[in-house]
1. Starting with the fewest neighbours, write out PHE189, PHE83 ranked by other beta-carbon atoms found within 10 Å of each beta-carbon.
2. Working out 0.36 nm times the residue gap between TYR258 and ALA229, then minus their Cα-Cα distance, what length gain in nm do you get to one decimal?
3. May I ask you to sort ASP162, ASP170, ASP199 by Cβ crowding, counting other Cβ atoms within 10 Å and putting the fewest first?
4. What is the extension gain from MET1 to ARG157, computed as 0.36 nm multiplied by their sequence separation minus the C-alpha to C-alpha distance, in nm to one decimal?
5. For a quick check: sort LYS160, LYS28, LYS219 by the number of other beta carbons within 10 angstrom, fewest at the front.
6. Under 17 Å from a label point 7 Å along Cα→Cβ of ASP33: give me every residue in the stretch 245-259 with its amide N that close.
7. So what is log10(I(q)/I(0)) for the stretch 59-106 at q = 0.32 1/Å, when the Debye sum runs over its Cα atoms only?
8. Using modelled backbone amide H atoms (1.01 Å from N, in-plane), which distant-in-sequence or interchain residues come within less than 5 Å of ILE257's amide H?
Amino acid sequence: MELPIFQIDAFTSRVFGGNPAAVVPLTKWLPDDVLQAIAAENNLAETAFFVRQGDHYALRWFTPAVEVDLCGHATLATAHLLFARFEPEAERVRFTTQSGWLEVSRDGDRLALDFPARPPLPCPVPAALTTALGAQPVEVLGSRDYFVVLRSAEAVRAIKPDFALLGTLDRAAVIVTAPGDDCDFVSRFFAPAMGIPEDPVTGSAHCTLIPYWSRRLGKIGLLARQLSARGGELHCEDRGERVSIGGHTVLYLEGTIYI
C-alpha cells in the first residue's frame, strides 16, 4: 500500500519554526494499530489523518504514543494541505472530530482555527507538580491539563521540568504560562504521558489560555508566543464558548509511505 504524506510547519512563517505535523490523506480508515504505527514511525508531536465525507472531512490525530481528542497545529496543517491541493477556491473547511465540529478559515495570509473554549477552573494541586517544574506558581488551575501561572516570561523560559515526574500526574499535560514581554502572554506545554516531553506550539492549550488571559487582561484579541526552542506565534480571539486561533503555515516536505 502507498499513502501520500506531507509535513507542514504550523504557527510559523518559516521552515524549521513552529510545530511540525505530518498529514496523511486517506480514502478510507485504516485499522487503528496501523494509524498508531505510522504516527510512531513519523515521531512527530502529531500525525493527522483525514477522510473526506461529503462536504466535510473526518479528522483524527495521533502522537507517537496515543490518539488525542484535540490538536490545533495538526488541524492547521491539514487545512493548509486542503486549501493548497484539494480545495483551492474554498474559504473554509470543516471537520468532524472527537471534539465535535471544527472549522478552519482563511484569514488574510493566515489560517484561523475555530475551536471550543476550555476555561481553567480551581483544582487540587498535587505536590509532584511544583516539584517536577522546580518553580513556585502564582496560581494553579485545571482543565484537560494542569494550568500553571508564573510571574514572568523569563520564569517560563527558565523551566527545566522533571519529565519522568510530570508523566505520573493525573492530567494529560501541563501548561505553564505568564504575561508576555512583547506579546499578551507566553506559554510552554509539557505532555510526557502522551509521548511529547515538550510540544513546540500547542493550539489545543490555547483553548484554555485564551479564556484565562482574555478575562485577566480585559481583551478579546490577544497575541501569544510559545517559548519552545522552535518558537511560535498565535493570533487569538475570545469568542465566549469558542476561541479563534490563527497562524501561518509552511510546507516542508511531501512523499510516500510504503506499507
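A short reminder: the numbers here are calculations on the coordinates, not readings from a lab. The structure presented is a predicted model; accordingly, all values stated were derived computationally and were not measured. Note: ideal-geometry Cβ built from the backbone for every residue, glycine included; neighbour counts use all protein chains shown.
1. Placing the least packed residue first, the sequence is PHE83, PHE189.
2. Length gained, TYR258 through ALA229: 7.3 nm.
3. Ascending number of Cβ neighbours within 10 Å: ASP170, ASP162, ASP199.
4. Taking 0.36 nm per residue and subtracting the Cα distance, the gain is 51.8 nm.
5. On the way: LYS160 8, LYS28 5, LYS219 14.
The order, fewest Cβ neighbours first, is LYS28, LYS160, LYS219.
6. The answer is 259.
7. -1.24
8. HN-HN under 5 Å from ILE257: LEU3, ILE5.
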